[in-house]
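In what follows, a structure is listed as structure tokens, so that the remarks can point back to it.
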């Protein structure tokens with residue numbers, strides 16, 4: 001099947017210079033952005049039911065920009081003023097820099113990993129083992145970070161601050177695409193919530209991240225595009241390689 005209509009299950013880029021647009025022009029296909037999921041924060045009442053006092057902690061661990069947004073916005077809802085002494089530990093520098101949206105950036109109080117893997121951040125957390133760590137998490141999450149912190153005897157508490165919910169999309173609309181690209185296991189789940197009778201047939205399926213790929217395979221989908229790999233570290237580079245091979 002010729003690639004004519006591609007669905008990227010992410011928000012539309014803010015810039016027209018996104019490499020997705022260049023690929024669409026070069027390989028002549030229609031491109032649409034529509035997240036299968038959206039993230040919303042818990043209400044103040046829902047968070048209070050967990051009986052967590054954020055001011056009891058001296059450090060926060062952020063694994064995503066979503067976690068940052070919902071932590072600070074929920075603190076505003078709860079009328080909690082975060083002290084200037086609070087320390088922040090982030091999975092990447094990009095996530096760390098995002099904190100500037102809410103607080104003055106002070107390098108001595110903000111730490112980050114370099115690989116994007118949580119294991120890379122643990123040695124820095126261990127150096128600050130005397131801190132009391134709070135970890136904002138999603139309603140659906142893995143226990144990888146919890147186990148790593150427990151193994152290293154780090155005083156910590158996880159707290160659910162946001163949840164992922166499905167975005168509505170008709171089965172007819174989904175079936176109009178001949179390529180679907182996914183970026184999270186929740187996105188794959190949402191596909192089948194919106195289209196319970198979905199059949200892949202000769203549609204091309206691409207996934208970013210091992211957890212997303214695992215979820216897609218468990219759902220019975222055949223993957224044509226997987227990223228990241230050493231040769232294709234981004235979804236756009238993996239998509240380009242696929243289209244280049246196909247055009248031969």
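FYI, it's all coordinate maths here, none of it is from the lab. These numbers were taken from a predicted model, which means no experiment stands behind them. Backbone-built Cβ (ideal geometry, glycine too); neighbour counts: all protein chains shown.
At a Förster distance of 30 Å, what's the computed FRET efficiency of residue 15 paired with residue 78, Cβ-Cβ distance as r, to 0.05?
0.30
Return the FRET efficiency for the residue pair residue 5, residue 167: r is the Cβ-Cβ distance, R0 is 22 Å, and the value is rounded to the nearest 0.05.
Approximately 0.75, to the nearest 0.05.
Which value does Rg/Rh take for the range 44-85 over its C-alpha atoms, Rh per Kirkwood?
Here the Rg-to-Rh quotient is 0.93.
For the range 40-164, just the Cα atoms, rotate onto the principal axes and tell me the three extents in Å, largest first.
Over the range 40-164, Cα extents along the principal axes are 35, 30, 26 Å.
Using the alpha-carbon centroid of each, what span in Å lies between the range 176-246 and the range 103-165?
If you average the Cα positions of each part, the centres end up 29 Å apart.
If I fit a long axis through the Cα atoms of helix 185-194 and take the longest principal axis of the Cα atoms of the chain, what angle between them do I get, 0 to 90°, rounded to 10?
Long axis of 185-194 versus the principal axis of the chain: about 60 degrees.
With a ≥ b ≥ c taken as the square roots of the eigenvalues of the C-alpha gyration tensor of the range 1-53, please select rounded if a/c is under 1.5 and otherwise prolate if a/b is larger than b/c or oblate if it is not?
Numbers: a/c = 6.12, a/b = 3.17, b/c = 1.93.
Prolate.
Just to be sure I understand: of the beta bridges DSSP finds with both ends in the range 40-164, what percent are antiparallel, rounded to 5?
Of all bridge pairs located within the range 40-164, approximately 10 percent are antiparallel.
Expressed as an acute angle from 0 to 90° and rounded to the nearest 10, what is the orientation of the C-alpha long axis of helix 235-247 relative to the principal long axis of the chain?
10 degrees
Could you work out the relative contact order of the chain? I mean the mean sequence separation of Cα pairs under 8 Å and 6+ apart, divided by the number of residues, in percent.
21 percent
For the chain, what is the largest minus smallest coordinate of the Cα atoms on each principal axis, given in angstrom and ordered from greatest to least?
Computed over the Cα atoms, the extents are 58, 37, 35 Å.
Give me the percent of DSSP beta bridges within the chain that run antiparallel, rounded to the nearest 5.
Rounded to the nearest five, the antiparallel share is 15 percent.
Mean projection of the alpha-carbon convex hull of the range 138-225 over all orientations, in nm²?
Computing the convex hull of the Cα atoms and averaging its projections yields 6.8 nm².
Could you give the Stokes-Einstein D for the range 195-248 in µm² per second, using the C-alpha Kirkwood radius, 25 °C, 0.890 mPa s?
Reported coefficient: 207 µm²/s.
Quick one: Cα convex hull volume of the range 1-102, Å³ per residue?
So the per-residue hull volume is 142 Å³.
Tell me the angle of helix 118-127 to the major Cα principal axis of the chain, expressed in degrees between 0 and 90 and rounded to the nearest ten.
Here the helix axis deviates by roughly 10 degrees.
Could you grab the relative contact order for the range 1-141? Cα pairs under 8 Å, six or more apart, rounded to a whole percent. Intermediate values should be presented prior to the final figure.
Numbers: 158 pairs, mean separation 32.5, N = 141.
Result for the range 1-141 is 23 percent.
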